[in-house]
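Structure, as structure tokens:
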Amino acid sequence: MRLSIANVLTPEECAEIRAKLARADFVDGKTTAGWHARLVKENEQARHHDPEARRVLDLARRRLLDHPVFVAAARPKAFAGLLLSRYRPGMHYGRHVDDAIMGGVRTDLSFTLFLCEPDSYEGGALVIEDAEGESEVRLPAGSLYLYPSTTLHRVDPVTRGERLAVVGWVRSFVRDPLAREILFDLETVRRLEFERHGKSDVFDLVSKSLANLLRCWAED
Ligand code: NI
């Protein structure tokens, strides 16, 4: 399942982050790519110990773990990694698959949290390939795109302006994408039922099924 999630950060927060990151220390993105991805990775990322970058990544982590849609879709057990990437004109990240294990943690889902408004730069689309073709993703500042780490994907060259994003990887409590989708749908149904009829009998039974399916499928 792929999902766009709006308003993980507000436009004001993104503007503030962009201003602060103008002073942050960025290095060649190849330092964190696997040996084959390194061949096609031409971007920059904030240095791990840069204090501004750390503050931004901590804020992103907190917001994601508090976001009901992200939590329902990803069922995050841990972040396998989180970094700030920057693309300036001419930079891109060619087609690759993300490493299956990062720092000893399995990657089930990948995400990009866009920090720049789409009209402030040209190019730089996240492109995901699958059997049905290619999907291009360019979201407003503060929006996140969540997709399976199993896909081939790339970031097209930026031809004007600057593209800043938080990118990250999630180890999910639920490994099977179909199981995650069923849980996500049931969570959606449960919330709709609650909005319409409160804590009804239907709500209670769906909640019970959801909790028990999660018990069946979660790897803790
Ligand atoms: Ni990638």
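Being touching a residue at least 60 places away in the same chain (Cβ under 8 Å), away from the ligand (no atom under 11 Å from the Cβ) and more than 26 Å from ASP58 (Cβ to Cβ) is the filter here, so list the residues in region 136-169 that pass it. Passing the criteria: ASP156, PRO157, VAL158, THR159, ARG160, GLY161. Considered as a group, the residues in region 74-90 that are open to solvent by 20 Å² or more (accessible area, probe 1.4 Å) and not in a strand (DSSP E or B) include one that is farthest from TYR121 (Cα to Cα), and that residue is ARG75. For first residues located in region 74-100 and among the acidic types (Asp, Glu), partners that are within 12 Å of the ligand (Cβ to nearest atom) and lie 6+ apart or on another chain with Cβ distances below 6 Å form the pairs ASP98/THR107; ASP98/SER110; ASP98/SER149; ASP99/GLY34. The residue that is surrounded by the most Cβ atoms within 10 Å (Cβ to Cβ), counting only those in region 163-218 that are over 20 Å from LEU3 (Cα atoms) and touching a Phe, Trp or Tyr at 6+ places or on another chain (Cβ under 6 Å), is ARG163.
With PRO157, PRO177 as the choices, which residue is more than 26 Å from ARG47 (Cα to Cα), over 15 Å from the mean Cα position of the chain (by Cα) and not basic (Lys, Arg)? Every option except PRO177 fails the conditions.
For region 1-12, a residue qualifies if it is in contact (Cβ under 8 Å) with a residue 12 or more places away in the chain, surrounded by fewer than 18 Cβ atoms within 10 Å (Cβ to Cβ) and not β-branched (Val, Ile, Thr), and the qualifying residues are MET1, ARG2, LEU3, SER4, ALA6, ASN7, PRO11. Of the numbered criteria (1) in the same structural domain as ASP28 (by TED's automatic domain parsing); (2) in contact with a helix residue (DSSP H, G or I) (Cβ under 6 Å, 6 or more places away or on another chain); (3) assigned to a helix (DSSP H, G or I), the one VAL166 fails is (3).
Output the residues belonging to region 24-53 that are part of a loop (DSSP other than H, G, I, E, B), within 13 Å of the ligand (Cβ to nearest atom) and open to solvent by less than 50 Å² (accessible area, probe 1.4 Å). Show your work before the answer.
The first filter runs over region 24-53 and keeps only residues part of a loop (DSSP other than H, G, I, E, B), leaving 24-25, 33-36, 40, 43, 47-50.
Then keep just the ones that are within 13 Å of the ligand (Cβ to nearest atom); that gives 33-34, 36, 40, 43.
Residues satisfying the conditions are ALA33, GLY34, VAL40, ASN43.
Tallying residues that are within 19 Å of the chain's Cα centre (by Cα) and outside any loop (DSSP other than H, G, I, E, B) within region 1-14 yields 6.
Please enumerate the residues belonging to region 134-159 that are touching a helix residue (DSSP H, G or I) at 6+ places or on another chain (Cβ under 9 Å) and surrounded by fewer than 22 Cβ atoms within 10 Å (Cβ to Cβ). Step through it out loud before you land on a result.
First pass over region 134-159, keeping only residues touching a helix residue (DSSP H, G or I) at 6+ places or on another chain (Cβ under 9 Å): 138-142, 144, 146, 148, 150.
Residues satisfying the conditions are ARG138, LEU139, PRO140, LEU146, PRO148, THR150.
For the residues SER207, SER172, the requirement of being under 30 Å from GLU44 (Cβ atoms) and of a type in the set (Gly, Ala, Ser) singles out SER172. Can you name the condition, by its number, that SER172 falls short on among (1) within 15 Å of the ligand (Cβ to nearest atom); (2) touching an Asp or Glu at 6+ places or on another chain (Cβ under 6 Å)? Answer for SER172: the failing condition is (1). Only a single item in (1) out of contact with any helix residue (DSSP H, G or I) (no Cβ under 8 Å at 6 or more places or on another chain); (2) closer than 22 Å to GLY161 by Cα; (3) open to solvent by less than 50 Å² (accessible area, probe 1.4 Å) is not met by VAL105, and it is number (2).
The values are calculated or read from the model by the stated rules, or taken from the named source; none is laboratory data. Treat the numbers as computed from the prediction; the structure is a model and nothing was measured. Reconstructed Cβ throughout: ideal geometry from the backbone, glycine too, with neighbour counts over all protein chains shown. For the accessible areas, the whole protein counts, side chains as well, though only heavy atoms, and no ligand, DNA or RNA atoms are used. Shrake-Rupley method; radii C 1.70, N 1.55, O 1.52, S 1.80 Å.
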